[in-house]
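Please read the structure below before turning to the comments.
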Amino acid sequence: MTKEQNMINADTEYGVDSRYETTKDREQDAVALMQARLERMKNLPKEQVLRAKLLQLKLKMENYLKEPVYDKQNHFAQFLETYIDAIYSKRSEFAKDINVTPVFLSKVINSHREPKEEFILKLMVHSEKVFKQVGVFHNKTWYQVYYHEKLCDTMSSQDEWRPKIEKQVKLRSEV
């Protein structure tokens, strides 16, 4: 990438065009623009902020499902945590709303326990109700995220499980 292309990329990052005489002018306008954006965001109604957070979460989940991710992060738990924290000030309120114990919810969020199918079903119904005000949220999304993560984990850890499993699998010569 050339120096000029790099500057254009930096400018677009801040939302400022590249027709400045000096770097100082450009940086001053970038700071002023960021301050104006932050001030505007402070005055947004809570409903708009919630809507934006939920739409952002939805897009992140959809992007996650499009790509094979071979890392050791618990994406389901991270998405769940983001979802709950966007809607509730206390996680125990969410736990109460979906009729699970706060301890169970904490264990799922912290990846100390796998979510039960009933938990995912409750999460699915809860999300449908919440996203009615925001936009379309497919009820299968939470299941897809959970099983996509399991599939990626299994495929990325083949070095660990494959040697043991291959010893147990035989192939008859007739086949």
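Quick note: the coordinates plus some simple rules give every number you see, no bench work behind them. Owing to the predicted nature of the structure, the values given are computational and were not obtained by experimental measurement. Please note: Cβ atoms are built from the backbone with ideal geometry, for glycine as well, and neighbour counts cover all protein chains shown.
Annotations
- The Cβ shell under 15 Å around V136 holds other residues with a net charge of +3, Lys and Arg each +1, Asp and Glu each -1.
- Given K90/K140; K53/K96; K66/K90; K66/K170; K53/K116; K90/K129, the pairs whose alpha carbons are separated by over 28 Å: K66/K90; K66/K170
- Candidates R19, R91, R37, ranked by Gaussian network fluctuation over the chain, Cα under 10 Å, top entry: R19
- Alpha carbon convex hull of the range 48-90, projected area averaged over orientations, nm²: 3.2 nm²
- Gaussian network model of the chain, Cα within-10 Å springs - most flexible of P68, P45, P102: P45
- Exposure proxy ranking, count of Cβ atoms within 10 Å, fewest first, for W161, W142: W161, W142
- The chymotrypsin sites (Phe, Trp or Tyr not before Pro) of the range 50-130 that DSSP puts in a loop, and whose beta carbon has at most 15 other beta carbons within 10 Å, are Y70, Y88.
- Degrees, to the nearest 10: 117-131 long Cα axis against longest axis of the chain: 30 degrees
- Highest-MSF residue in the chain out of M155, M124, M34 [GNM, Cα springs under 10 Å]: M34
- Positive-end ranking of I98, L65, A32 along the dipole of the chain, with charges on Cβ about the Cα centre, is headed by I98.
- For the Cα trace of the range 46-160, dividing Rg by the Kirkwood Rh returns an Rg/Rh value of 0.96.
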